[in-house]
Amino acid sequence: MRKLKTNKRKFFVLRLNSLLSLSKATIAYYDSERKYHDNCAARRTIVLVDCFAVARIPDQKRFVLGIYTKEDLLATVCDDEKQLNEWLQAIRSILYRTPEYHCRPLRDFQ
């Protein structure tokens, strides 16, 4: 996937971090797959329970995935619709099963 802002390819990793609690799941990205395998620090890590939405961002030419937190939006461009749907399904399958996500008040997007 690529970051929307810079259009540079990044290596994304979805981690559970605990078999006992989905609340510790994170998504992180690295400059390259090699940096990930060399145990370099991630460029950014987002704890999934800090997200209030994970959705497709409408774009006529690209397949854009948006991960929304209180502070920011991480927008990434997937290679194709299949990859976009796989990431959406993987992230949502973790996020929607966490008790913290369901205990939040609903937010107004206006």
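Here are some notes:
- Residue count for the range 9-21, restricted to those that are at pLDDT 80 or above, in a loop (DSSP other than H, G, I, E, B) and more than 11 Å from Thr76 (Cβ to Cβ): 1.
- Number of the condition not met by Gln60 [criteria: (1) in a loop (DSSP other than H, G, I, E, B); (2) touching a residue at least 12 places away in the same chain (Cβ under 8 Å); (3) loosely packed, with under 14 Cβ neighbours inside 10 Å]: (2)
Yes/no matrix, rows are residues, columns are (1) of a type in the set (A, V, I, L, M); (2) in a loop (DSSP other than H, G, I, E, B); (3) surrounded by 13 or more Cβ atoms within 10 Å (Cβ to Cβ):
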{"residue": "Ser23", "(1), (2), (3)": "no, no, yes"}
{"residue": "Ala28", "(1), (2), (3)": "yes, no, yes"}
{"residue": "Tyr36", "(1), (2), (3)": "no, no, yes"}
{"residue": "Asn39", "(1), (2), (3)": "no, yes, no"}
{"residue": "Ile46", "(1), (2), (3)": "yes, no, yes"}
{"residue": "Val54", "(1), (2), (3)": "yes, no, yes"}
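- Answer residue from the range 23-78, given it is among the charged types (D, E, K, R) and over 15 Å from the mean Cα position of the chain (by Cα) and is farthest from Leu4 (Cα to Cα) among those: Asp38
The values are calculated or read from the model by the stated rules, or taken from the named source; none is laboratory data. Bear in mind that the values here come from a model prediction, so they are computed numbers and not experimental data. Positions of Cβ are generated from backbone atoms using ideal geometry, with glycine treated the same way; all protein chains shown enter the neighbour counts.
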